[in-house]
Amino acid sequence: MIASTNIERNIDLNYPMDKVKLDIERVVKQGVYTMHSQNDTFNTYRIGKLTGLEMISMNITLKVLENGNTNIHILVSEKIRNNGHQITVDKMVDAFLERLGKALTGATDEDLKAVSAGNKGCSVVLLIMLSIAIAASASAAALLF
């Protein structure tokens, strides 16, 4: 059974909004996530990540708090197919927050890349599958000629 669910994180950060924005962009530039949209007027982002064969997107809203710190609200609205899928979505949000936390505390780009290194297994599998499909197509084309 497919059910819709909202997975949310709402966190107050001890950093000004400008720093949070810069570090969100820095995390995305490391190649693990894709920036689908960014609205500086409303301080919103739509950031996705390819997990397996599907794209999961996070809606992120930043808000300045009275003390000058920043609130980050992350919402993922997904059709959850099974318990394993919900765990995957939760892990994606947690991993993004882990990377953002490291960026906010001064981690270098190399440090951020090291955090994301554990997620490359799916890419390798997809690359192998793509290579096999191309080889099969080339073999079929050769038989036609």
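The values are calculated or read from the model by the stated rules, or taken from the named source; none is laboratory data. Source: prediction; values computed, not measured. Reconstructed Cβ throughout: ideal geometry from the backbone, glycine too, with neighbour counts over all protein chains shown.
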Just to be sure before I move on: is SER137 of a type in the set (Gly, Ala, Ser), surrounded by 12 or more Cβ atoms within 10 Å (Cβ to Cβ) and either modelled with pLDDT under 85 or part of a strand (DSSP E or B) (or both) in the structure I sent? no
Consider the stretch 32-62. How many of its residues are surrounded by 12 or more Cβ atoms within 10 Å (Cβ to Cβ) and either small (Gly, Ala, Ser) or in a strand (DSSP E or B) (or both)? 20
In the stretch 63-73, residue nearest to ARG9 (Cα to Cα) [restricted to those that are part of a loop (DSSP other than H, G, I, E, B) and polar (S, T, N, Q)]: ASN69
Restricting attention to the stretch 9-40, and to residues there that are at pLDDT below 95 and of a type in the set (Ser, Thr, Tyr), which single residue is nearest to THR88 (Cα to Cα)? TYR33
GLY48 fails exactly one of the following numbered conditions: (1) touching a Cys at 6+ places or on another chain (Cβ under 9 Å); (2) modelled with pLDDT of 90 or more. What is the number of that condition? (1)
Pull out all pairs, ordered by first then second residue, where Cβ-Cβ is under 6 Å, the residues are six or more apart or on different chains, the first lies in the stretch 101-115 and is at pLDDT 85 or above, and the second is surrounded by 14 or more Cβ atoms within 10 Å (Cβ to Cβ) and in a loop (DSSP other than H, G, I, E, B). LEU104/TYR15
Looking at (1) within 16 Å of the chain's Cα centre (by Cα); (2) of a type in the set (Lys, Arg); (3) surrounded by fewer than 13 Cβ atoms within 10 Å (Cβ to Cβ), which is the one condition that is false for LYS79? (1)
Odd one out for VAL89 among (1) within 16 Å of LEU112 (Cα to Cα); (2) within 11 Å of the chain's Cα centre (by Cα); (3) β-branched (Val, Ile, Thr): (1)
Which is part of a helix (DSSP H, G or I), among the β-branched types (Val, Ile, Thr) and more than 19 Å from LEU22 (Cα to Cα), of VAL76, VAL93, VAL89? VAL89
Could you check the stretch 14-28 and list, in sequence order, the residues that are of a type outside the set (A, V, I, L, M, F, W, C) and touching a residue at least 60 places away in the same chain (Cβ under 8 Å)? TYR15, LYS19, ASP23, ARG26
Return the pair list, or none, for Cβ contacts closer than 7 Å from residues in the stretch 61-83 that are at pLDDT below 90 and of a type outside the set (A, V, I, L, M, F, W, C) to residues that are surrounded by fewer than 15 Cβ atoms within 10 Å (Cβ to Cβ) and not in a strand (DSSP E or B), at least 6 apart or on different chains. LYS79/ILE2; ARG81/ILE2
